[in-house]
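Have a look at the structure below, then the notes.
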Amino acid sequence: MVDVHRSGMLSTVASHRRVLLLGALGALAGARSGLAAVDPSRNPGRVTVALADRQSLYQLPLTLAEQLGYFKQAGLTVEWQSHEASAKAVNSALQGQADVVSGAFEHLFGLHGKGLNFQAFVLLGRTPQVSFGVAAHKDLRSVMALKGARVGVSALDSSTHWMACQWLLQNGLLPEDVTFVEVGSSWGAVESLRSGAIDALCNPDPVMHGLEQGNEIRLLGEARTLMSTRKVMGGAVPGACLFAKADFLQKQPAVAQALADGVVHALKWLQTAGPTDLLKAVPSYHWMGDRALYLGAFEKLRESYAMDGVIPQESVFNAWRAHSRLPGLVQAMRLPQAHTNAFAIKAKGRFAA
């Protein structure tokens with residue numbers, strides 16, 4: 001009798017243990033399900049990035065980071081605001097419509113001059129990546145011959161405007177010796193040149209490369225390569241970068257880090273990418289209807305892309321010195337602390353770019 005009773009008790013205990021085990025497994029599964037619901041990779045943060053001409057090669061690192069899934073891997077959903085010029089993208093951030101801007105580093109000098117504390121936190125390009133030329137049918141053989149001409153730029157107070165001024169000053173003209181016309185940085189710029197609305201144009205690629213290949217424009221200057229940039233700017237300068245209000249970077253460091261991670265990962269990929277890789281990664285509507293033209297423009301710019309997202313202090317000083325030559329600009333009286341490398345350095349360590 002004792003053995004039977006003991007056997008029954010053991011059976012009851014074993015049954016109870018099975019119930020507890022199944023309950024625990026069920027609870028664990030429920031916990032895992034709950035974790036999945038709040039997993040940052042499944043519910044990524046969001047950020048709004050304002051930029052000029054999203055399809056241009058100027059913004060290629062961002063295009064790659066999105067198309068290759070690097071922003072998603074970093075737990076981030078990016079909402080894009082595309083504008084015809086970076087000056088308009090900056091205005092979007094000033095009005096609170098965007099969190100981050102992708103544009104020329106020089107914008108930061110003007111922002112600090114107005115008492116606005118913005119900081120760049122990852123570098124996309126290490127040259128301005130723009131060219132300056134005259135309509136091929138115009139009998140204008142030098143920059144000096146442009147006095148009184150209509151010069152197309154993406155917008156006033158944009159990188160194309162500032163670089164056009166640099167070429168004018170370098171050749172003995174003042175910015176007021178020409179009339180600047182805002183034409184955007186895509187098909188609007190092309191049509192303005194073709195229609196005769198402007199005599200000369202300063203713009204990024206692939207627009208300028210396409211006009212050059214079609215013998216529609218004759219280049220008078222370019223800042224695509226490191227060498228040509230040093231020639232016009234007097235040294236290396238930072239190009240396109242991501243920048244935001246300093247308090248945004250302090251309050252949203254995870255978002256800034258995710259953006260830096262995505263960009264640096266894309267820059268690393270770009271260092272070994274071949275033409276086929278690029279065409280597979282970049283949407284066909286970025287090619288301006290001609291993939292050979294797009295690849296040709298890219299090859300001219302290949303060395304201009306940043307290596308690891310870090311912003312060199314010396315290049316910042318060179319940019320400040322060159323920018324200070326431009327008349328009529330509102331800018332800080334001394335070189336501002338307009339960048340941080342904290343995010344880029346951390347991303348560089350992760351991806352060994």
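The values are calculated or read from the model by the stated rules, or taken from the named source; none is laboratory data. A quick note: this is a predicted structure, and the numbers were derived from the prediction, not measured. Cβ: placed from backbone, ideal geometry, glycine included. Neighbour counts: every protein chain shown.
Could you please find all residues in the range 174-212 being among the aliphatic types (A, V, I, L, M), in a strand (DSSP E or B) and surrounded by fewer than 24 Cβ atoms within 10 Å (Cβ to Cβ)?
In the first step, residues of the range 174-212 are kept if they are among the aliphatic types (A, V, I, L, M); the result is 174, 178, 181, 183, 189-190, 193, 197-198, 200-201, 207-208, 211.
Narrowing the set further to residues that are in a strand (DSSP E or B) leaves 181, 200-201.
Val181, the sole residue that qualifies.
Among the residues of the range 145-171, which ones are assigned to a helix (DSSP H, G or I), among the small types (Gly, Ala, Ser) and within 27 Å of Pro312 (Cα to Cα)? It would help to see each step written out before you state the result.
Pass one, the range 145-171, residues assigned to a helix (DSSP H, G or I): 145-146, 159-170.
From what's left, among the small types (Gly, Ala, Ser): 145, 159, 164.
Of everything in the range 145-171, those that are assigned to a helix (DSSP H, G or I), among the small types (Gly, Ala, Ser) and within 27 Å of Pro312 (Cα to Cα) turn out to be Ser159, Ala164.
Looking at the range 109-130, I want the residues that are of a type in the set (Phe, Trp, Tyr) and have a partner that is in a strand (DSSP E or B) and crowded, with 24+ Cβ neighbours inside 10 Å with Cβ atoms under 7 Å, at least 6 apart or on another chain. Which pairs are those?
Pairs found: Phe118/Phe243; Phe121/Leu242; Phe121/Phe243.
Identify, please: which residue in the range 145-162 is touching a residue at least 24 places away in the same chain (Cβ under 8 Å) and more than 21 Å from the chain's Cα centre (by Cα) and is, among those, surrounded by the fewest Cβ atoms within 10 Å (Cβ to Cβ)? Give the derivation first.
Restricting attention to the range 145-162, the residues satisfying the condition of being touching a residue at least 24 places away in the same chain (Cβ under 8 Å) are 146-162.
Remaining after also requiring more than 21 Å from the chain's Cα centre (by Cα): 146-152.
Values: Leu146: 23, Lys147: 13, Gly148: 9, Ala149: 18, Arg150: 17, Val151: 25, Gly152: 25.
Among residues in the range 145-162 that are touching a residue at least 24 places away in the same chain (Cβ under 8 Å) and more than 21 Å from the chain's Cα centre (by Cα), the one surrounded by the fewest Cβ atoms within 10 Å (Cβ to Cβ) is Gly148.
For the range 213-250, give me the residue count where each residue is farther than 16 Å from His339 by Cα and surrounded by fewer than 16 Cβ atoms within 10 Å (Cβ to Cβ).
Qualifying residue count for the region: 10.
Given the conditions (1) free of Cβ contacts under 8 Å to residues at least 24 places away in the same chain; (2) surrounded by 15 or more Cβ atoms within 10 Å (Cβ to Cβ); (3) of a type outside the set (S, T, N, Q); (4) outside the structural domain of Leu326 (by TED's automatic domain parsing), and given that Ala273 satisfies all but one, which numbered condition is not satisfied?
(4)
For the condition within 20 Å of Gly75 (Cα to Cα), touching a residue at least 12 places away in the same chain (Cβ under 8 Å) and not hydrophobic (A, V, I, L, M, F, W, C), what is the one hit in His339, His323, His265, His286?
His265 is the lone residue from the list that is within 20 Å of Gly75 (Cα to Cα), touching a residue at least 12 places away in the same chain (Cβ under 8 Å) and not hydrophobic (A, V, I, L, M, F, W, C).
I'd like to check something: does the range 90-97 contain any residue that is under 17 Å from Cys241 (Cβ atoms) and touching a helix residue (DSSP H, G or I) at 6+ places or on another chain (Cβ under 8 Å)?
Looking through the range 90-97, at least one residue is under 17 Å from Cys241 (Cβ atoms) and touching a helix residue (DSSP H, G or I) at 6+ places or on another chain (Cβ under 8 Å).
Among the residues of the range 201-211, are any within 24 Å of Asp290 (Cβ to Cβ), among the small types (Gly, Ala, Ser) and at pLDDT 95 or above? Spell out the reasoning first.
Going through the range 201-211, the residues within 24 Å of Asp290 (Cβ to Cβ) turn out to be 201-211.
Add one more test, that the residue is among the small types (Gly, Ala, Ser), and what stays is 210.
Retained after the next criterion (residues that are at pLDDT 95 or above): none.
So far as the range 201-211 goes, no, none of its residues is within 24 Å of Asp290 (Cβ to Cβ), among the small types (Gly, Ala, Ser) and at pLDDT 95 or above.
What is the one condition in (1) of a type in the set (Lys, Arg); (2) over 18 Å from the mean Cα position of the chain (by Cα); (3) in the same structural domain as Ser315 (by TED's automatic domain parsing) that Arg218 does not satisfy?
Of everything listed in (1) of a type in the set (Lys, Arg); (2) over 18 Å from the mean Cα position of the chain (by Cα); (3) in the same structural domain as Ser315 (by TED's automatic domain parsing), Arg218 misses just condition (3).
Residues that are within 24 Å of Leu201 (Cβ to Cβ) and under 13 Å from the mean Cα position of the chain (by Cα): list the helices (runs of 4 or more DSSP H) wholly contained in the range 57-144 that include at least 2 such residues. Give the derivation first.
On the way: elements: 60-67, 70-73, 86-94, 107-113.
The qualifying helices (runs of 4 or more DSSP H) are 60-67, 86-94.
Can we say Gly349 is closer than 20 Å to Ala74 by Cα and surrounded by fewer than 17 Cβ atoms within 10 Å (Cβ to Cβ)? I'd like the intermediate steps shown before the answer.
On the way: closer than 20 Å to Ala74 by Cα: yes; surrounded by fewer than 17 Cβ atoms within 10 Å (Cβ to Cβ): yes.
Taking the combined requirement at face value, the residue satisfies it.
For residues in the range 82-98 being touching a residue at least 24 places away in the same chain (Cβ under 8 Å) and surrounded by fewer than 23 Cβ atoms within 10 Å (Cβ to Cβ), which is farthest from Pro253 (Cα to Cα)?
Taking the range 82-98 first, the residues touching a residue at least 24 places away in the same chain (Cβ under 8 Å) are 82-90, 92-93, 97-98.
Now drop any that are not surrounded by fewer than 23 Cβ atoms within 10 Å (Cβ to Cβ), which leaves 82, 84, 88, 92, 97.
Details: Ser82: 24, Glu84: 29, Lys88: 25, Ser92: 21, Gln97: 19 Å.
The residue in question is Glu84.
Would you please list the contacts, defined by Cβ atoms under 9 Å and residues six or more apart or on different chains, that run from a residue in the range 245-260 that is not assigned by TED's automatic domain parsing to the domain that holds Leu76 to a residue that is modelled with pLDDT of 95 or more?
Between residues of the range 245-260 that are not assigned by TED's automatic domain parsing to the domain that holds Leu76 and residues that are modelled with pLDDT of 95 or more, there is no close pair.
Under the condition of being charged (D, E, K, R) and touching a residue at least 40 places away in the same chain (Cβ under 8 Å), which residue from the range 187-219 is farthest from Met163 (Cα to Cα)?
Our first condition is that a residue be charged (D, E, K, R); within the range 187-219, this holds for 191, 194, 199, 205, 212, 216, 218.
The next check asks that each one be touching a residue at least 40 places away in the same chain (Cβ under 8 Å); those that pass are 199, 205, 212, 216, 218.
Working: Asp199: 17, Asp205: 14, Glu212: 18, Glu216: 21, Arg218: 17 Å.
Applying the filter and picking the extreme gives Glu216.
For the range 117-142, give me the residue count where each residue is of a type in the set (A, V, I, L, M, F, W, C) and in contact with a Gly (Cβ under 6 Å, 6 or more places away or on another chain). First the steps, then the outcome.
Residues of the range 117-142 that are of a type in the set (A, V, I, L, M, F, W, C), as a first pass: 118, 120-124, 130, 132, 134-136, 140.
So of that shortlist, the ones also in contact with a Gly (Cβ under 6 Å, 6 or more places away or on another chain) come out as 122-123, 132.
Selection size over the range 117-142: 3.
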